[in-house]
Amino acid sequence: MKKRLIKGLKITLFVLFVIVLGGFIYLNMNTYDPSSEASELLDHEQVQVLDDYYLVMPIYEEIGTFVYYPGGLVEPASYLPFALKMAEEGIRVVVMKMPLNLAILNNDAYLSIDAQDTSGPVLLGGHSLGGASASLFLRDYEEIDGLVFLASYPADSADLSGVEYPVLSIRASMDGVMDLSAYEEAKSLLPSDTEYQVIEGGNHAQFGDYGVQSGDMEASISREEQQNQVIAYIKEMLLSLQE
C-alpha cells in the first residue's frame, strides 16, 4: 500500500510538473517582445532599470508622474519609446515589471514604487489587461491623483463610479483586440464625468512598441502619431491637476 501511495504521488508530481512546464512554454511563446528600438532604450541615460520597474526621468521641467501597468504578455520594455516621449514633455514615467508579464498576477505592483521615484501629481494608467488590473488595485486604494485607461476598461468587479479623482479613457478606432461591447458596458463602472477619447486610425499594439498583435487591425496612422496624441491627453490631465 505504501509503495502504491509513493508511486501515485510521483505520478501526480510529474503531471503537475508537465502542466507547469507546458504553461511556462506557452506563455513564453506567446509573449510580445519589445522592438529593437525599444530594447536599445534600456541603455538610455534617462532610463533607470530597477528591480520592480523601469524609471524614465523627465528631460525638461517636471509636471508629474505616470505609473504604467503593461498589457498582458507584453514585455514592459516595449513601452520605453512611449515613456521617453512622455519624459520629453516633463512627465516622469514608471513602467512596472509584472510576473510572467501579466499584471493581473500583481495588481498591487504600485505599492512597490519607492516614494522618491514619484513627483508631483501621480497618475496610474494601464494598457489593455494592465488597465483592468489597475482598476482592481484601486478598489481599495484611493491615494491617487488620476486614472488612465489605454485600450482598456475596468474589471467587472471594480466599480469606480464613485471615485473623486479624474478618469481618462483612450481607445483607438482600429483596435481589433479590445472587446468594444464590454468597453461600452464598463462605462457604468466609471464616474459620469470620465473623459473619453478616440485616436482615429490608431490600433491596439501601437500603444506600445512590440510589433503586430494577433487579432489587431492595421493602423492608418503611425505609432509615433498615435502615441503623441495619447501623450497630449495625459499631459493635459497632469497640468489640470496643478491648477
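The values are calculated or read from the model by the stated rules, or taken from the named source; none is laboratory data. Remember, predicted model here, so these are calculated numbers, not experimental data. Because the Cβ atoms are built from the backbone with ideal geometry, glycine has one as well, and the counts that use them run over all protein chains shown. With ligands, DNA and RNA removed, areas are computed over all heavy atoms of the protein, side chains included. Shrake-Rupley method; radii C 1.70, N 1.55, O 1.52, S 1.80 Å.
Observations, loosely collected:
- Protein heavy-atom accessible surface, 1.4 Å probe, per residue over the chain: 50 Å².
- Kyte-Doolittle mean at least 1.0, axial Cα span of 24 Å or more - DSSP H helices of the chain: 2-29
- Beta bridges assigned by DSSP with both partners in the chain are antiparallel in approximately 20 percent of cases.
- In nm, spacing of pseudo-spin labels at residue 119 and residue 232 (7 Å Cα→C-beta vector): 2.6 nm
- Virtual spin-label span in nm between residue 88 and residue 218, 7 Å along Cα→Cβ: 2.7 nm
- The fraction of accessible area contributed by carbon and sulfur in the chain is 52 percent, rounded to a whole number (1.4 Å probe; ligands and nucleic acids excluded).
- Computed [θ] at 222 nm, deg cm²/dmol, the chain (DSSP H ≥ 4; -39,500 (n - 2.57); rounded to nearest 500): -9500 deg cm²/dmol
- Summing charges over neighbours of residue 148, with a neighbour being any other residue whose Cβ is under 14 Å away from its Cβ, gives -1 when K and R count +1 and D and E count -1.
- A simple spin-label model places the labels of residue 50 and residue 62 1.1 nm from each other, with each point 7 Å out along Cα-to-Cβ.
- For residue 173, solvent-accessible area (1.4 Å; no DNA, RNA or ligand), Å²: 40 Å²
- Segment 125-243: C-alpha gyration tensor shape, a/c 1.5 cut-off, then a/b vs b/c: oblate
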